[in-house]
Every structure is written in C-alpha cells, then in structure tokens.
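Just below is one structure, and these are the notes that go with it.
The values are calculated or read from the model by the stated rules, or taken from the named source; none is laboratory data. In this text, all values refer to a predicted model and were calculated from it rather than measured experimentally. Note that we place each Cβ from the backbone using ideal geometry, even for glycine, and neighbour counts take in every protein chain shown.
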Amino acid sequence: MKIIVTGGAGFIGSAVCRHLVQDLGFTAINVDKLTYAGNLSSLKEIEDSPNYHFEQLDICDRAALDAVFAKHQPDGVMHLAAESHVDRSITGAGEFIQTNIIGTFNMLEAARAYWMGLDDTGKEKFRFLNVSTDEVYGSLGDEGLFEETTPYDPSSPYSASKASADHLANAWFETYKFPVVISNCSNNYGPYHLPEKLIPLVILNALDGQPLPIYGDGSNVRDWLYVEDHAVALFTILTKGRLGQKYNVGGRNERTNLEVVNRICETLDKLRPKDSAYADQITYVTDRPGHDARYAIDATKLESELGWKAKENFETGIEKTIQWYLDNEWWWAPLRGHAAVRKGVLKKG
C-alpha cells in the first residue's frame, strides 16, 4: 500500500510513518509544511528507506496537493496535519481556522478528485482517514466516557476547528459517498514529543533542575495513549473501519495532571536518581482560560469491532518514554531553546 500521511513530520504523524515503513513494509508519503511542530529528525530511522517519501507543502495549496496525488497515486490518506495547541489557538485563532478547516476542505477535495478518476477497483480500495481529537466533545464531569455518539461541544478555537473538520469529513461521505472514516483520540505521549508538551516538558525540566509547572491545582484529568499504540490503531481504522463511521481511540489510562507529574518524578527517582526528590521541583501556575476538567475515551467500538487494544498501560508507557528521553538527547537538545519552552509554560499534552 501507498499512503499519504499529512503532518507526517509531527509527533503522531512521524509515528504513523515509522509504523507504515518499518513495521508493515508499506510506502509512506509524508506531506508536511514543516511549521515549528514538524521535525524531520523524528523520521531519521526511515529517511533512507525507498518506501519513504517527503513532500514539503501547505495543505491549503490545492494545486500542490493535486500534484502530489498525481505523482504518488496513493491507496489512501491519513490526514493528521493540524495546528494543535490549545493555548496558541486562544491567542491566534486564525492559523487554526486556515489549516484545520480550509486545509481539511482542500484535502477532501483533492482526494475526492483523485478518487473519482480511479477505476472501480481503485475506488473500492481507497480510504480517507480524518484524524481528530477527543476535545471536540468538550468537557466531562466526574463520571462517564466520551462515546462516538457523544454530542460535540468544543470549548476552544482549536477544538472548534477540529470539530469543523470532522463535520466536513462526514459531509463528504454523506453527500459524495466519498470513503471517509474518522478517529478521535485521547492525549498521546511517547518518543519524539515536542518539549513544550506536558510529559516531555516535565521530564526535561526535572533533569535540568527547573520548576515543574502545573496548571491550577493539577486536578484536570486526561486519558493517556502511547503514541505507537495510536499509530497501530489509525492504520487499523483506515483499512478495517466501516465507511462513514467514527472510532474513538483511548488508552484507558485516566490520570490527573498532578498524578502524571508525580509518576514522572517517581520514575526519574529510579532511573536517574539525585540527592533530592524530583517532586520537590513541582510548582503551581495560574490555570489557563477554558481549561476542560476531564476527558476520557470509551474505545469499546474500536476494540470490539476492529480488534485493536492498547499494548501499553500508563506505567509501562511512561517508563519507556522517560528512558527514550534519557537516551536521545541528540533529538531533544536542539529543541529546548524554543521560546515556548524557555518560558516554562505548561502546554496541553
């Protein structure tokens, strides 16, 4: 198979590309604009593979997209390219509207034009996966889980733009019978995660002896999903999911932000001990506007219908993640100078 992966230089996208090439032996065509969130060094393991191709372009450029489809003749699309930081969407929503809504529209139209030109066998084989987030559902109370039937209730410009993209993808299936499936995932973590995000920021700040900032009282709850488990889930949904359907992807690992930080500290105490406990570096900062209290995904449909299940629980996944950062300073050290990281601002993971 040949798969276009938009945002393939990003955190989740690079994991998808590595999975396609290394684990499955398929061809990944990485389409990425290379904003600050894109990092080609995350693809170092596969960059010399004949099954990996990189096309630098903006998904808002329709002509460039048409050229990529014509050149590579893909069997499917995994659309991950997006502006993804809640904090940044609050201070600069315009980029999120352009990339997440207009860009998704362009992707759907370029893919549909290409699909319409295929023969019957090609049309039957082709799939378009729109990769989304659990944030489109809004915030949960203390009980319950997000299901595929949960009404959308986005509360930030980021989540509103992703909800819009989901609605567009669904409309292209309903209106044009274009072969779309949609996934909505919980918080990802793992190797190659930008240092401004919660887990890598805490790991690297801890190692540097810097404060470990936590929004509010640290009671906000997220369901954590190891990124390599997510990559497997996405390919499963692309190839086995029922057209026009949504599939929630979660790790069944709910933790408060404070629990996450404490677990990182405990693991570092074991893997890289020092004179004092890492937890002594924890500090609390003012909560951000519209900070959703709790997200939690019910992945039953994906597990029962398509047979996927996360391999890592939070304890095994976080230890693997921390060990990766300890072993791979070559990757993260150049990124630690990024302005957002220098400010010590805690971003959503």
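Quick notes
- Summed over segment 1-42, residues that are free of Cβ contacts under 8 Å to residues at least 60 places away in the same chain, of a type in the set (A, V, I, L, M) and surrounded by fewer than 24 Cβ atoms within 10 Å (Cβ to Cβ) total 3.
- Given (1) surrounded by fewer than 20 Cβ atoms within 10 Å (Cβ to Cβ); (2) modelled with pLDDT of 95 or more, number of the condition Gly218 does not satisfy: (2)
- Within segment 293-333, the set of residues being under 21 Å from Ser139 (Cα atoms), touching an Asp or Glu at 6+ places or on another chain (Cβ under 7 Å) and not in a strand (DSSP E or B) comprises Tyr295, Ala296, Asp298, Lys301.
- For the residues His167, His193, the requirement of being at pLDDT 95 or above and surrounded by fewer than 21 Cβ atoms within 10 Å (Cβ to Cβ) singles out His167.
- Some residue of segment 264-280 being within 27 Å of Ser183 (Cα to Cα) and touching a residue at least 24 places away in the same chain (Cβ under 8 Å): no
- Filtering segment 289-322 to residues that are touching a Leu at 6+ places or on another chain (Cβ under 7 Å) and without any contact (Cβ under 8 Å) to a residue 12 or more places away in the chain leaves nothing.
- Residue in segment 7-28 that is of a type outside the set (Gly, Ala, Ser), in a loop (DSSP other than H, G, I, E, B) and within 23 Å of Tyr158 (Cα to Cα) present: no
- Extreme residue, nearest to Val202 (Cα to Cα), among residues of segment 238-278 that are among the small types (Gly, Ala, Ser) and surrounded by fewer than 16 Cβ atoms within 10 Å (Cβ to Cβ): Ala277
- Residue among Ile4, Ile97 that alone is among the hydrophobic types (A, V, I, L, M, F, W, C) and modelled with pLDDT under 95: Ile97
- Top-ranked residue in segment 105-154 [being among the hydroxyl-bearing types (Ser, Thr, Tyr) and in contact with a strand residue (DSSP E or B) (Cβ under 7 Å, 6 or more places away or on another chain); ranked as nearest to Cys185 (Cα to Cα)]: Thr133
- Helices (runs of 4 or more DSSP H) contained entirely in segment 75-167, each with at least 2 residues that are in contact with a His (Cβ under 8 Å, 6 or more places away or on another chain): 103-116
- Among the residues of segment 48-64, those that are out of contact with any strand residue (DSSP E or B) (no Cβ under 8 Å at 6 or more places or on another chain) and either surrounded by 18 or more Cβ atoms within 10 Å (Cβ to Cβ) or part of a loop (DSSP other than H, G, I, E, B) (or both) comprise Asp48, Ser49, Pro50, Asp58, Cys60, Asp61.
- Scanning segment 34-47 for residues that are touching a strand residue (DSSP E or B) at 6+ places or on another chain (Cβ under 9 Å), outside any helix (DSSP H, G or I) and either closer than 13 Å to His19 by Cα or not hydrophobic (A, V, I, L, M, F, W, C) (or both) returns Gly38, Ile46, Glu47.
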